[in-house]
Amino acid sequence: MSTVATLQPVSSAARAALYDLLRHPVAVDAAGRALDPQAQERVLELAARVAAQLRELSAGAVHLQLATRPPTLALFDEGCAVELEPAVQGSVWIALDPAASRALVDALALRHLGLRGAGEPTGAERALLEFAALACLDRCGAARLRRFVHGRELARVTLEASTSALEFDLRCGASGGRARVLVASTGQDAPLLLDPQREVDELELRVALPRLSISRAEYDGLEAGDVLLLGVESLSGFAARIELVTPGGWRVAGAELAGDCALSLTVRIGALDVRVLPRPSTTSSGVTLAPFLAARRVARTTFERWREGDELTLDKRPEAALDVFASDGARRTAELVRVAGELGLRVCSLQAAPLERA
């Protein structure tokens, strides 16, 4: 397993930005590898600074908000895009679809020329977009301009295979469209996405129990009703080996069990330490299982106030309380049982099922 970078935010502003990042799935490249947390955070910071500059240029309401839909690893077929050369190796593309291009052109033209247009941007309107891009680049100062691309030329641009994407909704007053930031990724672990397409208004957390490995023969023979023993007498036997994770593939913090009852689980939060939650690995002789128990939505204000040692109560589902993800990609539901004094997972379903909201 490769080493993944982590985020340990301190300031309130950093916490607020991190909250928005954690509500969305981990960005992945075409090979399914994760874009590291620092890179995703830098993209969000870049988007905030670009939006601020565009508001100044257009003297109007311009908003860039991370979209809840999964991003597409491609430029738009039409619209406009700028390719930048960052300080590190690779390239960064910032692209607008036709609707977003038109909305931004109109906001700039109305401010500086007193005009509005329609349809595909004219040469003069394209110049306005390029002017705005250069002004934003001067403000951000983190990359060098390589080229502008407009219209149908976008469809002919070939991107590197190791490209990751983040998608945004761009609003300029009452109009808007989609924006996309595409960056070269560096081959982190493939993330475990419990539910990559869920749209969430609040951060969702689940408790990740320690992973267990079983032989290939034992795994292939699993049937509903079979029990996998966990090697402890109760959940407290895992001590500090549990973690708080998101359905979108983020590991948020370590935790300790503080209380356990039939319908809820209380944990003591460890230090905030965000990283990609890696997918379980498979070997030729065995399969790794990753169990997840209980769920809780956390409001922005609660997250910003979190401190190490605080307690958080998560709700269990009354039936089939656990979701178990195997390293071969299969999902199962299970429940906690006790056999001869030892805690175990009894398999309830052998078929993949989406996570339910708690």
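The values are calculated or read from the model by the stated rules, or taken from the named source; none is laboratory data. Since we're looking at a predicted model, the values are computed, not measured. Here the Cβ is made from the backbone with ideal geometry for all residues, glycine too, and neighbour counts use every protein chain on show. Quick note on the areas: whole protein, heavy atoms, side chains included, nothing else; ligands and nucleic acids left out. Shrake-Rupley method; radii C 1.70, N 1.55, O 1.52, S 1.80 Å.
One residue alone among 95, 109 is open to solvent by less than 50 Å² (accessible area, probe 1.4 Å), of a type outside the set (Ser, Thr, Tyr) and at pLDDT below 85, and that residue is 109.
Kindly check whether there is at least one residue in the range 226-241 that is modelled with pLDDT of 85 or more, of a type in the set (Val, Ile, Thr), crowded, with 18+ Cβ neighbours inside 10 Å and in contact with a Lys or Arg (Cβ under 6 Å, 6 or more places away or on another chain). No - not one qualifying residue is present in the range 226-241. Selection over the range 211-221 of residues that are touching a residue at least 40 places away in the same chain (Cβ under 8 Å), open to solvent by 20 Å² or more (accessible area, probe 1.4 Å) and outside any helix (DSSP H, G or I) gives a count of 4.
Kindly check whether there is at least one residue in the range 139-160 that is among the hydroxyl-bearing types (Ser, Thr, Tyr), surrounded by 20 or more Cβ atoms within 10 Å (Cβ to Cβ), on the phi < 0 side of the Ramachandran plot and at pLDDT 85 or above. Give the steps one after another, and end with the answer.
First pass over the range 139-160, keeping only residues among the hydroxyl-bearing types (Ser, Thr, Tyr): 158.
Going one step further and asking which of them are surrounded by 20 or more Cβ atoms within 10 Å (Cβ to Cβ), we end up with none.
No, the range 139-160 contains no residue that is among the hydroxyl-bearing types (Ser, Thr, Tyr), surrounded by 20 or more Cβ atoms within 10 Å (Cβ to Cβ), on the phi < 0 side of the Ramachandran plot and at pLDDT 85 or above.
The C-beta contact set for the range 169-195 (first residue under 20 Å from residue 59 (Cα atoms) and modelled with pLDDT under 85, second residue in a loop (DSSP other than H, G, I, E, B) and open to solvent by less than 40 Å² (accessible area, probe 1.4 Å), distance under 7 angstrom, 6+ apart or interchain) comprises 173/60.
Candidates are the residues of the range 314-329 that are open to solvent by less than 60 Å² (accessible area, probe 1.4 Å) and either touching a helix residue (DSSP H, G or I) at 6+ places or on another chain (Cβ under 8 Å) or assigned to a strand (DSSP E or B) (or both); the one that is farthest from residue 277 (Cα to Cα) is 314.
For residue 268, state whether it is without any contact (Cβ under 8 Å) to a residue 24 or more places away in the chain, among the charged types (D, E, K, R) and open to solvent by 30 Å² or more (accessible area, probe 1.4 Å). Taking the combined requirement at face value, the residue does not satisfy it.
Annotation note: Cβ proximity below 8 Å between a residue of the range 11-31 that is more than 13 Å from residue 191 (Cα to Cα) and open to solvent by less than 10 Å² (accessible area, probe 1.4 Å) and a residue that is modelled with pLDDT of 70 or more and among the acidic types (Asp, Glu) (sequence gap 6+ or interchain) occurs for 18/41; 19/304; 21/41.
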